[in-house]
């Protein structure tokens, strides 16, 4: 089979057809199973292996500190505010301050790093993060972003915001492991400003006068509800869990000192009791009910010398030029006075911008901003160029708040980042879905996110060669498909624009509804720039696929097969149970594969979410649409968490809060209906601290520990499992059971008997595991992680993940009717590299993609997708083959010269680092580069540049 993509034409005989350059194949013919005892020995061995990450990170930190030291002498010449997340429901509300020296963030919602990666917004120069309010909406992206920043060598992050914000890192210290980066909490006091060489920031504490100081009348957070009876002792066991879920060996007391973030240590045991009085006093004084607004003033920048004028005034080269540049007037030797302002461009006094969030109108303190009102008394330089509003819509539309806004005058722009907006910010997810939609409209429905404008240009693409009836036919087909998809978007959710943010606003207010990549330039000129905002180019997406040689024929062949299989059946087509894949990537979100999340829809009234990585709620909004996502959330009866790595559960709080909003939308007075949370019992430690220190969430879930659902051979268990009858009835399933799997402490696999006909098994993260085979016997569908390709079996074993062939063999062992592979390393952003036997001889295996939905009737279609998929992603497949060939050559050299560094040596043994897998950007055509274009692509937005394959190629 010929693979042709652009200028590359390669023939292969291995993973993707026939490649001549791949002359050596490493075959993995056996699958090794690990019991709990053998895995302990393996983990002990792995713990003793060298971990070279630290040296790389320290080198990057030193280089960064040297650059920062040089930059401190100068003020920034280029400054702009750029929206990353618009604040729409399901999107982050993140604002990025770019200067040519440093970067800053204002708020950091879930999905921040995913949008930053897609749009090439570099976050690796980040030093300071400003948070307006301690809500998940503002801080949900911090855990994941912090791990990414640590991995690229950021030595220190300073958090600015309400007191107690740093508790987030103490709460997440078991699954957000930061050894190489300090997290510092700035003291946000009205009497002390923050200042660096870029700007001065004045803190304004906002809150009701009677609640600005916390009193001891605040109710103590209740313990999260646990399923079943007599769980008090178990709760205490879980709440005091001190497991490090990334460092697998047992820690000594000395090591324990170094595993948590470098924050002020918390007292434990007797010390905690001893300091009880001090803690109570601190709680009384803590300003935890306030939000923090920021009045930011850029440093003054001197004008530049105009050399022509200097010559005109007779100033000769020398020290006089320096004096004039610094603003001093000088006297020439002939006695002539030369004024600095006559030979310079005007000084830039430093524009002002304000960032604030007013969660309730009672928080507003207008007097705090009086020095910046346009009242004819304040100097012009005090009038803010921009006021950024995180204020929610119900307060933003309050007449009192509108009157407050109007006091800044007509020259001030008001940038709004709240739920009034609709922009989800990603073009890449649409690009991928439009191409997959060509294969099957049911399995890959168009996303119900109409917030990104779709552009339509009828007729053939410029420069396309139409020199024959066949090519003209293909062009007509492309236009026909693209036009149909374009119309679907228009009809799907109504208008593509943002909801109006101005309501009954006075005409003189200059309101800007935020969209991703909206930019407000502050220096050298002040201007609004919307040119970089994402747009859909549907015809181009279709063109990319159709232009590959052989794709049209392969697509037609697949579509005929679909018709034969789907519509040739005599039995009725059942819609449920249905599986929707929301996240199919591992470790870190990429623009095409989000982190783990899978929906099991039992029927139209009941659904279960399996794992919940960062950005899961945003994926739900994209898939179901902003108008219908609440209807789905009301059917969500259970959430299953396989293990406590951040990429599998950090999106939980956002989903819980969104579900509460969905229930309140129907009846706010209805009694609380909590979701069943099936998770490792140790999750209660994190959720309890968040409930106590940040927002009340304990009423939103009923915890049933996965430990209680382990297989038990007693007759009572066989009748329905340990899941309480009420939970089984709510879900509408016969039985739910778990097993331990070998990945990290307290990692579980899951088997769900939906009814007498259908059974689903989900592996979570694991190496091949006999216990999973046991509970998954005779499954209709096995969903199994396949993080690595077969030739990286050693790396997969070190990281306690499975290869593609290992996952498939597990399906065979348990006699699963079908197997779907998921949880791919982000190096396989578009398509995993599969063994030739899988491609040619296997009729039961499919590949998961984000936003793919599968009914049980459609499972047999999945193996037939390989041929068109290989052609659709031909360039990606060729790139993977080239990397594999380079790996093989390097291994051959290593065998001949043992002194050479081993392949994959950079990060192969990092078993405790969240960023083991890299988020690569293989598609050069998707560069929407709007910021930091002069910076290294390899280090953009904190992207991990230590991909083993990339190091080999370089």
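Taking a ≥ b ≥ c as the square roots of the Cα gyration tensor eigenvalues, with a/c under 1.5 meaning rounded and otherwise prolate when a/b beats b/c, else oblate, which class fits the range 830-873?
Oblate, since a/c reaches 1.5 and b/c is not below a/b.
If you project the alpha carbons of the range 302-342 onto their three principal axes, what span does each projection cover, largest first, in Å?
Dimensions of the range 302-342 along the principal axes of its Cα atoms: 27, 18, 17 Å.
Determine, for each peptide in 84-96, 552-564, 623-635, 776-788, the mean count of other beta carbons within 10 angstrom over its residues, then list the peptides with the highest first.
Numbers: 84-96: 28.5, 552-564: 14.8, 623-635: 18.2, 776-788: 25.2.
The peptides rank, most packed first, as 84-96, 776-788, 623-635, 552-564.
Can you tell me which of 753-764, 131-142 comes out highest on packing, and rank the rest after it, using the mean Cβ neighbours within 10 Å?
Taking the mean over residues of other Cβ atoms within 10 Å, the ranking is 131-142, 753-764.
For an R0 of 22 angstrom, estimate the FRET efficiency from the Cβ-Cβ distance between residue 368 and residue 200 and round to the nearest 0.05.
After rounding, the FRET efficiency stands at 0.85.
Could you list the residues of the range 409-444 with an amide nitrogen less than 15 Å from a label point located 7 Å from the Cα of residue 508 in the Cα-to-C-beta direction?
In the range 409-444, the label zone of residue 508 (backbone N under 15 Å from the point 7 Å along Cα→Cβ) covers 409-414.
For the range 760-834 and the range 726-756, what is the separation of their C-alpha centers, rounded to whole Å?
First find each Cα centre; the distance between them is then 18 Å.
Under the definition of Cα pairs under 8 Å and six or more residues apart, what whole-number percent is the relative contact order of the range 578-870?
Worked out over the range 578-870, it gives 17 percent.
Going by how many other Cβ atoms sit within 10 Å of their own, how do 748, 353 line up, fewest first?
Ranking 748, 353 by Cβ neighbours within 10 Å, fewest first, gives 353, 748.
For the range 714-800, evaluate the Debye formula with one uniform point scatterer on each Cα (no solvent term) and list log10 I(q)/I(0) at q = 0.10, 0.14, 0.20 Å⁻¹, rounded to two decimals.
So the normalised log intensities are -0.30, -0.54, -0.93.
Cβ neighbours within 10 Å, averaged per peptide: list 541-548, 526-533 in order, most packed at the top.
On the way: 541-548: 20.4, 526-533: 13.5.
Per-residue Cβ counts within 10 Å, averaged per peptide and sorted highest first, yield 541-548, 526-533.
So for the pair residue 627, residue 665, with labels modelled 7 Å out along Cα→Cβ, what separation do we get in nm?
1.1
Can you compute the FRET efficiency between residue 323 and residue 397 using 1/(1 + (r/R0)^6), with r the Cβ-Cβ distance and R0 = 45 Å? Round to the nearest 0.05. If you can, show how the numbers build up before the last one.
On the way: r = 54 Å, r/R0 = 1.20.
Once the sixth-power term is evaluated, E becomes 0.25.
Given R₀ = 41 Å, what would the calculated FRET efficiency be for residue 726 paired with residue 815, taking r from the Cβ atoms and rounding to 0.05?
0.80
Using Cα-Cα distances under 8 Å and only pairs 6 or more residues apart, what relative contact order does the range 302-342 have, in percent?
Normalised by residue count, the contact order of the range 302-342 is 33 percent.
Coordinate-derived values only; no laboratory data. It should be emphasised that the depicted structure is a prediction, and the values quoted were computed from it without experimental measurement. A quick note on method: Cβ atoms are made from the backbone with ideal geometry, for glycine too, and the neighbour counts reach across all protein chains shown.
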